[in-house]
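The values are calculated or read from the model by the stated rules, or taken from the named source; none is laboratory data. Computed from a prediction, not measured in an experiment: that's the story for all the values here. Positions of Cβ are generated from backbone atoms using ideal geometry, with glycine treated the same way; all protein chains shown enter the neighbour counts.
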Amino acid sequence: MRRECLGLWSGPSELWDRRYDLKNRMWTCAMNLPPFIRAHNEGAILEVYVQPKASKNEFAGLHQDFLKIRLTAPPVEGEANKECAKFLSKTLGVPKSDVVILQGHKSRQKTILVRGMTPQALHEMLQRKSII
């Protein structure tokens with residue numbers, strides 16, 4: 001993979017997908033990200049499945065197309081949501097104010113915005129910490 005691929009190339013080449021766009025007659029590149037990470041104009045979106053009332057706070061692999069998180073907090077009055085934001089901010093090394101639950105306040109499936117972090121940086125951070 002060559003560096004001129006959108007001028008943004010970084011990371012291992014196996015993470016990149018290079019395709020020829022017939023309509024625009026040019027090569028395009030996109031990073032192969034897991035289905036639970038995507039881009040947002042303020043940062044990166046993380047799709048998680050939360051299991052409340054667990055024995056400890058931890059990542060527990062995948063649940064369908066979601067990253068599964070086990071939390072000790074019960075699903076009462078937003079306690080699990082607060083614990084989820086706190087756990088993610090500590091794990092990712094970002095302020096708690098940069099972790100925002102966009103959807104799923106009363107559901108186990110949550111859409112979480114991590115402000116100021118690119119999808120690629122989020123993917124690399126999760127890999128570096130052996131979460132995925």
Worksheet item: So, of the residues in region 79-132 that are part of a helix (DSSP H, G or I) and among the polar types (S, T, N, Q), which turns out to be nearest to ALA39 (Cα to Cα)?
Response: GLN120
Item to complete: Of the numbered conditions (1) at pLDDT 95 or above; (2) closer than 15 Å to ILE131 by Cβ, LEU33 fails exactly one; give the number of that condition.
Response: (1)
Worksheet, complete the sentence: Within region 61-70, the count of residues that are out of contact with any strand residue (DSSP E or B) (no Cβ under 6 Å at 6 or more places or on another chain) and within 16 Å of LYS106 (Cα to Cα) comes to 0
Discussion item. Pairs please, first residue from region 82-96 and in the same structural domain as HIS123 (by TED's automatic domain parsing) and free of Cβ contacts under 8 Å to residues at least 40 places away in the same chain, second anywhere and in a loop (DSSP other than H, G, I, E, B) and surrounded by fewer than 16 Cβ atoms within 10 Å (Cβ to Cβ), Cβ atoms under 8 Å, 6+ apart in sequence or on different chains.
Written reply: GLU83/THR72; SER89/PRO95; VAL94/GLY116
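Among the candidates LEU62, LEU46, which residue alone is modelled with pLDDT of 95 or more and assigned by TED's automatic domain parsing to the domain that holds ARG115? Steps first, answer last, please.
Details: LEU62 fails: modelled with pLDDT of 95 or more.
Sole residue among the options that is modelled with pLDDT of 95 or more and assigned by TED's automatic domain parsing to the domain that holds ARG115: LEU46.
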Discussion item. Tally up the residues in region 68-92 that are within 15 Å of the chain's Cα centre (by Cα) and surrounded by 16 or more Cβ atoms within 10 Å (Cβ to Cβ), please.
Written reply: 9
